[in-house]
1. Calculate I(q)/I(0) for the range 1-45 by the Debye formula, one identical point scatterer on each C-alpha and no solvent, and give its log10 at q = 0.15, 0.20, 0.27 Å⁻¹ to two decimals.
2. What is the percent carbon and sulfur in the accessible area of the chain, measuring with a 1.4 Å probe over the protein chains and ignoring ligands?
3. After finding the eigenvalues of the alpha carbon gyration tensor for the chain, what semi-axes result from the square roots of 5 times each, listed largest first in whole Å?
4. By the scheme Lys and Arg +1, Asp and Glu -1, what is the net charge of all other residues having a beta-carbon under 13 Å from that of residue 43?
5. First measure r as the distance between the Cβ atoms of residue 70 and residue 35, then evaluate 1/(1 + (r/R0)^6) with R0 = 41 Å and state the FRET efficiency to the nearest 0.05.
Amino acid sequence: MSWMAWTLPTALFFVGIAVLLAGMTLVEMRWPCVERKGFLPITTTRGDRLFIGLLGSAYLHLLVIGVTDWSVWIASLLSLLWLCAVMRWG
């Protein structure tokens with residue numbers, strides 16, 4: 001893997017995504033989801049909200065890093081908060 005510059009934030013991001021997907025798989029097997037309507041304009045399942053949350057987090061992260069001079073950790077925290085909000089109330 002010498003072709004890629006692995007930094008701590010990059011490694012934590014990919015480990016976090018892997019743990020999140022494994023956790024979602026276990027939760028789905030234990031408690032099958034029911035579609036519901038939250039603040040998102042569509043009816044979603046747990047997996048839909050995860051996908052929308054991850055996609056929105058990626059765009060939010062790039063926006064914060066590109067527009068501000070804030071630390072990557074602040075961008076990551078904002079992205080995590082967005083993902084949690086979509087998963088809970090989306």
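The values are calculated or read from the model by the stated rules, or taken from the named source; none is laboratory data. Predicted, not measured: the structure shown is a model, and the values here were computed from it. Cβ atoms come from the backbone with ideal geometry, glycine included; neighbour counts cover every protein chain shown. For the accessible areas, the whole protein counts, side chains as well, though only heavy atoms, and no ligand, DNA or RNA atoms are used. Shrake-Rupley method; radii C 1.70, N 1.55, O 1.52, S 1.80 Å.
1. Taking Cα atoms of the range 1-45 as identical point scatterers yields -0.62, -0.78, -0.94.
2. Answer for the chain: carbon and sulfur cover 75 percent of the accessible area.
3. Working through the eigenvalues yields semi-axes of 26, 18, 9 Å.
4. +2
5. So, using R0 = 41 Å, E works out to roughly 0.65.
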